[in-house]
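These notes concern the structure reproduced below.
The values are calculated or read from the model by the stated rules, or taken from the named source; none is laboratory data. Note that the coordinates shown come from a computational prediction; the quantities given were computed from them, not determined experimentally. Backbone-built Cβ (ideal geometry, glycine too); neighbour counts: all protein chains shown.
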């Protein structure tokens, strides 16, 4: 079909304007970025409902790393995060994706080391006392053992990619604590689980700082979108898809993790270019 000349001209102008907007909103560094996404289920995309990139590791095109790659068009993107990963799994199965050519890498890690899945099972199925005991054990692990695991991992990541910007993400609070109308677990359990997240996140923040990595905290971004908020960005217990329980939804990745990662990556890379 042949369009009138003025229509074709208008279409061309719109296309050029769109290209200009895209160029203006995409950081200049993106086209030269070699990005590697490492980590556990909070990075792979467990909970997004679509594991179109790798079903075994539950990697999703709706995960924050894949969304960032799709919108920024980096020179290369390797997505190796895997559901269930601990620090040792990253060392054994993921870290090989890093190289001297890597310029940007992201990771969420540490929750599985501290026994997150087991804690949640205990808190869902058992008493307040049992839940508090499980949380206490996880907090002890996070304070005493996790730091060494993270320091070792982060050190090896830096050795493999000496010029990369590393952005370390943490874990959101699971529940609002003004939870009088919330059905399910008790207020005591909600508070304890949030406190455990704070302990684990604090350990991750310290290790990231010691390694010279950028720490990007998602807790404030998720504020008001925890479970029982009425605008949840996390899955509650789902007996039909138990693996998604207590993981971010697709909205949690797009509106929670993605903007925090984008800000952390942009600030860190801009600072390195200015230095």
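Quick notes
- In the range 151-174, the residues that are surrounded by 24 or more Cβ atoms within 10 Å (Cβ to Cβ), touching a strand residue (DSSP E or B) at 6+ places or on another chain (Cβ under 6 Å) and within 22 Å of residue 255 (Cβ to Cβ): 167, 168, 169
- The numbered conditions (1) under 23 Å from residue 211 (Cβ atoms); (2) buried (at least 18 other Cβ atoms within 10 Å of the Cβ); (3) out of contact with any strand residue (DSSP E or B) (no Cβ under 8 Å at 6 or more places or on another chain) are all true for residue 134 except (1).
- Residue satisfying condition, being assigned to a loop (DSSP other than H, G, I, E, B), under 17 Å from the mean Cα position of the chain (by Cα) and at pLDDT 95 or above, within set 259, 172, 162: 172
- Residue check, residue 33 modelled with pLDDT under 95 and either closer than 26 Å to residue 174 by Cβ or out of contact with any helix residue (DSSP H, G or I) (no Cβ under 6 Å at 6 or more places or on another chain) (or both): yes
- Residue count for the range 207-238, restricted to those that are surrounded by fewer than 21 Cβ atoms within 10 Å (Cβ to Cβ), in contact with a helix residue (DSSP H, G or I) (Cβ under 7 Å, 6 or more places away or on another chain), more than 20 Å from residue 259 (Cα to Cα) and modelled with pLDDT of 95 or more: 2
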